[in-house]
1. Kindly write out, for segment 15-32 in residue order, the coupling ³J(HN,Hα) from the Karplus curve 6.51 cos²θ - 1.76 cosθ + 1.60 (θ = phi - 60°), rounded to whole Hz, with x marking Gly and Pro.
2. Length gain on complete extension for the stretch V23 to K8, per 0.36 nm per residue less the alpha carbon to alpha carbon distance?
3. Rounded if a/c is under 1.5, else prolate if a/b is larger than b/c, else oblate: which is segment 7-49, with a ≥ b ≥ c the root eigenvalues of its Cα gyration tensor?
Amino acid sequence: MTTLKKEKIPELQLVRALCIIAVVTVHATSYATLQMTGSRYFAIYNFLNIFMKYGDLYRDECLCAFL
């Protein structure tokens, strides 16, 4: 019995990496956006939190990237 080796697609690895970064960033900045409303860094944390939610918007595609 021979096993077939699947070819790795570099573009898919990039999509996976972007999804991982997006999820980690959203989780890392969610607490900060609630607690740092008076801070001068609030705008940066809020931007990152909102911008990186594309991972949530394209959740199905990101989930498919891991399969």
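1. 4, 4, 4, 5, 5, 5, 4, 5, 5, 5, 5, 4, 5, 6, 9, 5, 5, 5
2. Values: separation 15, 0.36 × 15 = 5.40 nm, distance 2.29 nm.
This chain segment gains 3.1 nm when fully extended.
3. Working: a/c = 7.18, a/b = 3.72, b/c = 1.93.
Judged from the Cα gyration tensor, segment 7-49 comes out prolate (a/c at least 1.5, a/b above b/c).
Rule-based calculations on the coordinates, nothing more; no lab input. Please read these numbers as outputs of a predicted model, since none were measured by experiment.
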